[in-house]
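Novice: This structure is in structure tokens; I'll ask about it shortly.
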Amino acid sequence: MVLITPWLKENIGPFAHAGIALFSVLTEIKKIRSRKSWDIQAEGHDWEELLVNYLSEIIYRFDTEQMLLSQIVILKLNPKLVVARGRGETFDPSRHPIKTGIKAVTHHQTSIKPTATGFSARVILDI
């Protein structure tokens, strides 16, 4: 298991940062070039389910399209929907060594909470 805890001053921050953190667990993020754009969309019943579904969609897109992202911008966000655009490139095993394979995102202990200075999130990746 890997725990990621993104934080930022706005509620969009944990979503953008969680996506990038996921790729930094997977490979060396500095080696991902910004060559292509992908749109990512996920739905949920609340913030926590939305975060899990969003990260699960990112893992699915890596598995099916070999998508690697080094930048993510959140275009739309509410407790039921996230729409993001990521920039990166297609996975190339000669340039992107896999540090840790990610099987899934767990619901266990997932949280998004307001803090005195912004928002923090907690999510666990099953490796």
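Novice: Name, by its number, the condition in (1) of a type outside the set (Phe, Trp, Tyr); (2) at negative phi; (3) modelled with pLDDT of 95 or more that does not hold for residue 117.
Specialist: (3)
Novice: Can you tell me which residues in the range 27-79 are under 14 Å from residue 14 (Cα atoms) and assigned to a helix (DSSP H, G or I)?
Specialist: Hits for the range 27-79 are 47, 48, 49, 50, 51, 52, 53, 54, 55.
Novice: Kindly evaluate residue 14 against the criterion of being modelled with pLDDT under 95, touching a helix residue (DSSP H, G or I) at 6+ places or on another chain (Cβ under 6 Å) and either under 13 Å from residue 102 (Cβ atoms) or not β-branched (Val, Ile, Thr) (or both).
Specialist: No; evaluated as a whole, the condition is false for this residue.
Novice: In addition: Taking the range 81-109 as the search range and keeping residues that are of a type in the set (S, T, N, Q) and at pLDDT 95 or above, which one is nearest to residue 22 (Cα to Cα)?
Specialist: Going through the qualifying residues, I end up with 90.
Novice: Find the residue count for the range 83-121, including only residues that are touching a residue at least 40 places away in the same chain (Cβ under 8 Å), farther than 20 Å from residue 56 by Cα and either among the hydroxyl-bearing types (Ser, Thr, Tyr) or not in a strand (DSSP E or B) (or both).
Specialist: Residues that pass the stated criteria total 5.
Novice: Return the residue satisfying two criteria in turn: it lies in the range 53-76 and is of a type in the set (A, V, I, L, M, F, W, C) and farther than 17 Å from residue 26 by Cβ, and of such residues it is surrounded by the most Cβ atoms within 10 Å (Cβ to Cβ).
Specialist: Here the residue is 74.
Novice: Here are 77, 68, 81, 50: which of them is touching a Leu at 6+ places or on another chain (Cβ under 9 Å) and either within 20 Å of residue 99 (Cβ to Cβ) or of a type in the set (Ser, Thr, Tyr) (or both)?
Specialist: Result: 68 is the single residue among 77, 68, 81, 50 that is touching a Leu at 6+ places or on another chain (Cβ under 9 Å) and either within 20 Å of residue 99 (Cβ to Cβ) or of a type in the set (Ser, Thr, Tyr) (or both).
The values are calculated or read from the model by the stated rules, or taken from the named source; none is laboratory data. What you see is a predicted model; the values in this text were computed from it and never measured. Quick reminder, even Gly has a Cβ in these numbers, built from the backbone with ideal geometry, and neighbours come from all protein chains shown.
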